[in-house]
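Readers should treat all values here as calculations from the given coordinates under stated rules, not as data from a laboratory. Bear in mind that the values here come from a model prediction, so they are computed numbers and not experimental data. Backbone-built Cβ (ideal geometry, glycine too); neighbour counts: all protein chains shown.
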Amino acid sequence: MTEVNLAVDVAGITMDNPVTTASGTYGFGLDYSRYYDVNLLGALTLKSITLEKREGNPPPRIIETPAGILNSIGLANPGLDRFLTEVIPSLEAVKIPVLASIAGDTIGDYALLAEKLSQEPKIAGLEVNISCPNVKKGGLEFGVDTVQVKKLVQAVRSSTDLPLIIKLSPNVTDITAIARSAVEGGADALALINTLQGMKIDIQTRKPCMANKVAGLAGPAVKPIGVRMVWQVAQAVNVPIIGMGGICTAEDALEYIMAGATSVAVGTFNFVNPMAPVEIIQGLYDYCIKNGIKDINELVGCSFK
Amino acid sequence: MQVHAPIIEHRRIADDIFLLTLSVPDIAGSAEPGQFIHIKCGSSFDPLLRRPFSLSMIDKEAGNISVIYEVRGRGTKILSTCPVGQTLDIMGPLGSSFSISHISPQSGAVLVGGGIGAPPMASLAQALIGKGLKRVTVLLGAASKEKLLPEEIFTRTGAEVLIATDDGSAGYQGFVTELLPSQVSGGEVGTPVVFACGPEGMLKAVGSFCLSNGIPCQLSLESVMACGVGACQGCVCRVLRRGSVEYVRVCTEGPVFDAGEVIWDD
């Protein structure tokens with residue numbers, strides 16, 4: 001792979017290729033290590049952590065829908081202390097940039113998490129999950145309100161020098177307004193989209209299937225919405241975007257890149273085809289060769305330029 | 001691992017119930033009873049997720065594995081139409097296995113299999129008999145004789161099979177769990193060990209009987225799964241570990257658990 005440059009830069013984080021993992025679909029980075037070397041990815045994005053351990057929501061947590069899944073995991077995670085003492089040491093063999101994802105109930109939680117993780121050399125950047133729709137106060141209040149988004153990002157910004165990637169919720173009227181607030185608050189990059197709020201009702205019990213009632217829709221079904229939102233945000237702000245939402249193939253990744261994403265994340269499709277991220281990297285390379293593209297960065301946002 | 005494995009046998013063995021055998025030496029070589037494979041049913045995005053199936057037979061010499069499944073939804077409906085010769089995209093072997101290394105050949109083993117949960121009891125019976133256990137009994141339950149798995153799947157391992165059906169159309173009339181007390185008492189069996197896989201109500205009954213009688217018991221749990229490898233946290237059940245109740249993943253920490261650690265939701 002010498003003739004094509006697949007390397008991208010997201011807020012100072014150099015990735016050998018544009019492909020990373022969507023937070024929450026890849027655990028803490030080692031669950032797929034029996035399938036391929038994680039170092040083949042451009043970056044590794046970990047599952048969101050909170051200050052304290054969270055058990056997560058009662059099952060069922062995942063329900064299949066047409067070309068998608070509804071999920072309501074509830075931020076199940078071991079908490080900051082075990083993240084630092086158990087997860088970080090387990091990533092010793094990971095040489096690619098590692099992005100930690102943080103979530104909290106209060107602005108103070110986010111700021112404290114950012115501060116603690118700043119002292120950890122393994123972490124190359126922070127993804128700030130302001131959009132998890134599953135836990136009460138788990139982010140939605142922040143992610144749907146421009147004033148709250150700006151305050152939150154400012155607080156995290158003043159707590160860390162790490163690159164800050166703000167992950168946006170699609171469950172808003174105008175995602176460009178939220179994106180601008182995040183950038184005004186000090187975001188170095190944006191990640192979108194998180195899951196779309198959805199629901200399934202059990203027609204036998206006549207009640208919502210999920211204990212949490214509302215859940216997050218993900219998978220190929222949401223891809224056109226993600227592409228549209230990346231396209232809108234890329235034209236509204238001047239920071240790099242990590243695009244995600246239903247990416248299954250290199251063709252999907254290329255749509256996101258052409259819509260304005262510098263990097264792309266594979267989420268739900270990891271569950272279907274564990275080799276998808278590696279196949280996408282190869283597919284991006286093949287596309288560039290076939291179309292005479294010397295540098296993948298030439299394609300970023302080309303749909304509106 | 002993820003492999004494309006050819007189907008070498010695929011046939012209906014009971015009402016809406018199929019036996020599927022794949023040639024996949026790498027998985028057969030490392031798989032243990034209780035583990036499962038994750039099959040992509042069809043190539044479209046709908047249904048999107050793979051479907052997990054416990055291994056009913058592991059033939060290490062021939063390099064084959066079998067699963068037995070019931071057509072319940074779109075995934076299994078599509079799977080049932082796949083002909084011999086076609087290859088299937090599978091991941092495996094996944095999950096925990098039945099713990100049998102500590103079991104003495106002098107022990108008796110009683111394997112309780114209910115409905116479409118019964119298949120892994122065949123590979124388990126084979127492994128126990130291979131370890132030298134002289135008395136392995138499979139208690140095979142089904143709703144009716146139409147849904148009953150062929151007895152031969154279990155008897156050919158050398159196990160004794162006792163049948164119960166809910167409607168009495170074959171064997172004992174009643175729940176398969178009602179056969180359990182007579183099989184683990186009377187001293188005939190020595191120190192018995194019990195294994196079970198089947199509907200939740202059956203697992204609860206087997207687990208609670210064994211716990212109250214001091215009989216070691218392992219249960220294989222069923223769950224809807226997404227990734228099958230522990231990444232998504234979607235398939236959790238509640239267990240008692242180190243004195244506290246916590247969620248663990250059925251696909252990774254399970255599907256086989258000690259009866260004493262499983263906490264049932266009421």
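Miscellaneous remarks
- Among A:G226, A:G243, A:G292, the largest mean-square fluctuation in a Gaussian network model of chain A (Cα springs under 10 Å) belongs to A:G292.
- For chain B, the longest site-free run once GluC sites (Glu not before Pro) in DSSP loop states with at most 16 other Cβ atoms within 10 Å are removed: B:62-145
- Counting only alpha carbon atoms, the long axis of helix B:200-212 and the longest principal axis of chain B meet at about 30°.
- Cβ-based net charge around A:I73, under 10 Å, with every Lys or Arg adding one and every Asp or Glu removing one: +3
- Listed residues A:V272, A:V230, A:V156, most fluctuating in chain A (Gaussian network, C-alpha, under 10 Å): A:V272
- Taking chain B as a whole, the Cys residues whose C-beta sits 4.7 Å or farther from every other Cys C-beta are B:C41, B:C82, B:C197, B:C235, B:C237, B:C251.
- 10 Å beta-carbon shell around A:I280, net charge (K/R +1, D/E -1): -3
- For chain A, excluding the exposed loop sites themselves (GluC sites (Glu not before Pro), DSSP loop, at most 10 other Cβ atoms within 10 Å), the longest remaining stretch covers A:93-305.
- DSSP-defined antiparallel bridges as percent of all bridges, the protein assembly as shown, nearest 5: 50
- Computed from backbone phi, the HN-Hα couplings of region A:188-198 come to 8, 7, 10, 10, 7, 10, 6, 6, 8, 5, x Hz, rounded to whole numbers (Karplus: 6.51 cos²θ - 1.76 cosθ + 1.60, θ = phi - 60°; Gly and Pro given as x).
- Summing Lys and Arg as +1 and Asp and Glu as -1 over all other residues whose Cβ lies under 13 Å from the Cβ of A:D37 gives a net charge of +1.
- Looking at chain A alone, DSSP beta bridges between its own residues are antiparallel in about 40 percent of cases.
- Taking every DSSP bridge with both residues inside region B:122-250, close to 35 percent are antiparallel.
- For region B:2-94, relative contact order (Cα pairs under 8 Å, six or more residues apart, normalised by length) works out to 41 percent.
- For chain B, the longest principal axis of the C-alpha atoms and the axis of helix B:120-130 are separated by about 60°.
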